[in-house]
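Colleague: Quick one: this structure, given as structure tokens, is what I'll be asking you about.
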Amino acid sequence: MTSSNGPAVSREEFDALFESVRTWGCWTPADRGVWNRVTPEQVRRAVSRVRSGAVVPLARPWDTRSAPDNPKPALHHMTDLGDVEAPEPSVHKDFLAADYHGKGMTHLDALCHAAYRGQLYGGRAAHEVIDAAGAHYGAVGALGPLVTTGVLLDLPAVLGTAWLEPGQAVHAEDIVAAERALGVAIGEGDAVLLRSGSPRRRAERGAWDPDAASAGLHVDAVPLLAERGIALLGGDGDNDVRPSPVDGVHSPVHALALAAMGVPLLDNLDLEALSAATAEAGRFAFLLVVAPLNVPGGTGSPVTPVAVL
């Protein structure tokens, strides 16, 4: 693995890659994409992986503080302090809101979140199915919850480092090497979670602008994931290496996963506790539960995925 975000990929090469991993017309209903792969039998296999029963939440805290990686902080304020009500009991209420598609909040991207060349997954024209009221195709409500096998690719653990540096790309050969080193194999219907160690780096070095530089997948890793038949892709960044190696495409992994393959994304996970738990257990595959909010027309959802070992 090198420290570079490259090699550079031309737009023509990227368009050819998009076509090679495209799965339009393969699934019904189409706006669930590859979540259709996760059958009851796959759920039973995932549940059978539970040994200790240890539960590991994978979300970052709700962050109301402005920072270079959180320019639009989440909102949280009290709406009822329980001091004006009668009869008993007094109650306390609060308000939550978030512009969650950013770098500061753990969230799920639904298939309507990203279009490429004006088209969403399945070839639907984005301008025809998304308006001020929300998305009428590919919305998060179409996905529902996901229960499947999660696979942690703990790159810093494999490399013997604390973290990957911002701008460091993960390639197909790095995924294969991680599988071999960790004794795990990505299978059909699995959720792949890539740990770069960015939360640890932030805790020790301070916040930086991840739009300018962040560790993540190079587009040359996507055909391998497509071949394995994954159902979900997630990471402790937003999955894309930045700067983008593709000319004119700022989030190429988003375009390939969401618009070509129909693979929802988990962005901004905190995988530090899972890294410790899987290392202690000596197992890097586990039961994963992802339950997004049921938001009609929503392009995604804040979420707290849970790993069960």
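Colleague: Restricting attention to segment 29-49, which residues are exposed (fewer than 14 other Cβ atoms within 10 Å of the Cβ) and either of a type in the set (Phe, Trp, Tyr) or in a loop (DSSP other than H, G, I, E, B) (or both)?
Modeller: Matches in segment 29-49: 29, 39, 48.
Colleague: Still on this structure: Within segment 108-139, which residues are outside any strand (DSSP E or B), touching a strand residue (DSSP E or B) at 6+ places or on another chain (Cβ under 7 Å) and closer than 17 Å to residue 191 by Cα?
Modeller: 110 - this is the single residue of segment 108-139 that is outside any strand (DSSP E or B), touching a strand residue (DSSP E or B) at 6+ places or on another chain (Cβ under 7 Å) and closer than 17 Å to residue 191 by Cα.
Colleague: Somewhere in segment 113-131, is a residue surrounded by 13 or more Cβ atoms within 10 Å (Cβ to Cβ), over 27 Å from residue 275 (Cα atoms) and in contact with a Ser or Thr (Cβ under 6 Å, 6 or more places away or on another chain)?
Modeller: yes
Colleague: Please identify the pairs in which a residue from segment 60-80 that is surrounded by fewer than 13 Cβ atoms within 10 Å (Cβ to Cβ) has its Cβ atom under 7 Å from the Cβ atom of a residue that is acidic (Asp, Glu), counting only partners at least 6 apart or on another chain.
Modeller: 77/94; 78/94; 79/94
Colleague: May I ask you to verify whether residue 240 is in contact (Cβ under 8 Å) with a residue 12 or more places away in the chain, within 20 Å of residue 177 (Cβ to Cβ), open to solvent by less than 10 Å² (accessible area, probe 1.4 Å) and of a type in the set (D, E, K, R)? Show your work before the answer.
Modeller: Details: in contact (Cβ under 8 Å) with a residue 12 or more places away in the chain: yes; within 20 Å of residue 177 (Cβ to Cβ): no; open to solvent by less than 10 Å² (accessible area, probe 1.4 Å): yes; of a type in the set (D, E, K, R): yes.
No, not satisfied.
Colleague: Tell me, which strands (runs of 3 or more DSSP E) lie completely within segment 231-306 with 1 or more residues that are polar (S, T, N, Q) and either more than 21 Å from residue 16 (Cα to Cα) or out of contact with any Cys (no Cβ under 7 Å at 6 or more places or on another chain) (or both)?
Modeller: Details: elements: 232-235, 265-267, 285-290, 300-302.
In segment 231-306, the matching strands (runs of 3 or more DSSP E) lie at 300-302.
Colleague: Taking into account only those residues within segment 83-99 that are among the small types (Gly, Ala, Ser) and loosely packed, with under 10 Cβ neighbours inside 10 Å, which is nearest to residue 300 (Cα to Cα)? Let's see the steps before the verdict.
Modeller: Pass one, segment 83-99, residues among the small types (Gly, Ala, Ser): 86, 90, 97-98.
Next, from what is left, pick out any that are loosely packed, with under 10 Cβ neighbours inside 10 Å: 86, 97.
On the way: 86: 39, 97: 14 Å.
Of everything passing the filter in segment 83-99, 97 is nearest to residue 300 (Cα to Cα).
The values are calculated or read from the model by the stated rules, or taken from the named source; none is laboratory data. Keep in mind it's a predicted model, so treat the numbers as computed, not measured. Neighbour counts are summed over all protein chains in view; Cβ atoms, including those assigned to glycine, are modelled from backbone coordinates with ideal geometry. Just the protein is used for accessible areas: all its heavy atoms, side chains included, with ligands, DNA and RNA removed. Shrake-Rupley method; radii C 1.70, N 1.55, O 1.52, S 1.80 Å.
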